[in-house]
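Take a look at the structure set out below.
Every read-out reported here was derived from the displayed coordinates using simple, explicitly stated rules and does not represent laboratory data. From a predicted model like this one, the values you see are computed outputs, not experimental measurements. Neighbour counts are summed over all protein chains in view; Cβ atoms, including those assigned to glycine, are modelled from backbone coordinates with ideal geometry.
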């Protein structure tokens, strides 16, 4: 199983299967070894762009997209504190 993702988040990419284009905003690795990326399309009419998950081998980079440091907040994570761990360690 590979340990790294092929493409950096923030890159503009296109799915070669159906042509969906957007910025890579998330990446996930499955236990089976499949890497998938979430692409987010450009905003239209002030509404958030549509999102779409695509397998890594079906992507091609088409542009620089956005710089991660331009969109990352001071505090990482979601809009609330992390839940307590259930790990007994």
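A few points about this structure:
- Residue 53-residue 7 pseudo-label distance in nm [points 7 Å out on the Cα-to-Cβ vector]: 1.6 nm
- Ranked list, fewest to most other Cβ atoms within 10 Å of each Cβ, for 34, 54: 34, 54
- Cβ-based exposure ranking for 45, 18, 55, in which fewest neighbours within 10 Å come first: 45, 18, 55
- Residue 86-residue 28 FRET efficiency (beta carbon distance; Förster radius 22 Å; 0.05 resolution): 0.60
- Counting every other Cβ atom within 10 Å of each residue's Cβ, 47, 12, 6 order from fewest to most as 47, 6, 12.
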